[in-house]
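Presented below is the structure to which this report refers.
The values are calculated or read from the model by the stated rules, or taken from the named source; none is laboratory data. None of the values given here were measured: they were computed from a predicted structure. Every residue, glycine among them, receives a Cβ derived from its backbone with ideal geometry; neighbour counts consider all protein chains shown.
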Amino acid sequence: MEIPKDHPRRKSLETRERLAELSREGIVSITGLIAHGRGEAFDYLLGEKTVKEAAVAEEVAVAYLLEAKNPVISVNGNVAALCAQEIVRLAKSLPAKIEVNLFHRSNERVEKVCAYLERAGATHVLGRKPDARLEGISSDRALCTREGIYTADVVLVPLEDGDRAEALVRAGKVVIAIDLNPLSRTSRTATISIVDEVTRAISNMQQFVPKLKDNQLARKELILNFDNKRNLREIARAICRYLDSQFQ
């Protein structure tokens, strides 16, 4: 039976095909494909939808980004492949800078990811010429730019690895993670952990920008009242409730 066009599984199939294609082009790494599959498994546990706790974290994340002096969105190959246009739209609306940061880094691959974002509408993508380094990371993910991540006060890190999330927090930055695994080191380290599929999360965040952009009081209240650990506990409970509902 054919999967309906609006069914989450149809989107999953289309996403896998796009990732495979962009892997062949050198934008997505082979390990990025593995990471995506792991994330899909956790999305099933959420019912393939944005739960209310994730929506709360997404709104708080926008509040932090709008309050920031130098907000930066960090983009890797998977993020570019999955939601380049959405990232560009969010960056322009905040506004925030975009910086490419890759684990499997080569100058050629950085150029491909930057160019892919520019084709999606980005006008000033950082990362081609890193001139700074985060302490505490041995991989090339430590490389960054002074204009962007190195001096950022708030960094949005979709699909981040635990080492760099910890390094960013140690550097005194507010770290907003998008990670479908609430048990990951990234989720447990970040200042705000958004447990949601990245394309849904970025789209939801975009919708909160007009509501909060001219309302500093609302932004400050959201930030003051948010407890990341409590929100992660509620996410875990939401997963348990969903699993229980499937066996009744």
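Observations on the model:
- SER187 fulfils the conditions (1) under 25 Å from ALA54 (Cβ atoms); (2) of a type in the set (Ser, Thr, Tyr); (3) not in a helix (DSSP H, G or I) except for a single criterion, (3).
- Selection count where residues are outside any loop (DSSP other than H, G, I, E, B) and buried (at least 20 other Cβ atoms within 10 Å of the Cβ), scope region 60-111: 29
- Residue in region 214-234 that is under 18 Å from ILE87 (Cα atoms) and modelled with pLDDT of 95 or more present: no
This table checks each residue for (1) of a type in the set (Val, Ile, Thr); (2) out of contact with any Gly (no Cβ under 6 Å at 6 or more places or on another chain); (3) modelled with pLDDT of 95 or more.
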{"site": "ARG128", "(1), (2), (3)": "no, yes, yes"}
{"site": "ARG133", "(1), (2), (3)": "no, yes, yes"}
{"site": "GLY136", "(1), (2), (3)": "no, yes, no"}
{"site": "SER139", "(1), (2), (3)": "no, yes, no"}
{"site": "THR145", "(1), (2), (3)": "yes, yes, yes"}
{"site": "GLY148", "(1), (2), (3)": "no, yes, yes"}
{"site": "ASP153", "(1), (2), (3)": "no, yes, yes"}
{"site": "PRO158", "(1), (2), (3)": "no, yes, no"}
{"site": "ILE176", "(1), (2), (3)": "yes, yes, yes"}
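- Evaluation of CYS144 against the conditions (1) crowded, with 17+ Cβ neighbours inside 10 Å; (2) of a type outside the set (S, T, N, Q); (3) under 27 Å from CYS240 (Cβ atoms) shows that the sole unmet condition is (3).
- Candidates GLU40, GLU2, GLU25: the one that is modelled with pLDDT under 70, surrounded by fewer than 19 Cβ atoms within 10 Å (Cβ to Cβ) and either under 26 Å from PRO182 (Cβ atoms) or of a type outside the set (Ser, Thr, Tyr) (or both) is GLU2.
- The selection criterion, being surrounded by fewer than 21 Cβ atoms within 10 Å (Cβ to Cβ) and either assigned to a loop (DSSP other than H, G, I, E, B) or touching a residue at least 12 places away in the same chain (Cβ under 8 Å) (or both), holds for THR123.
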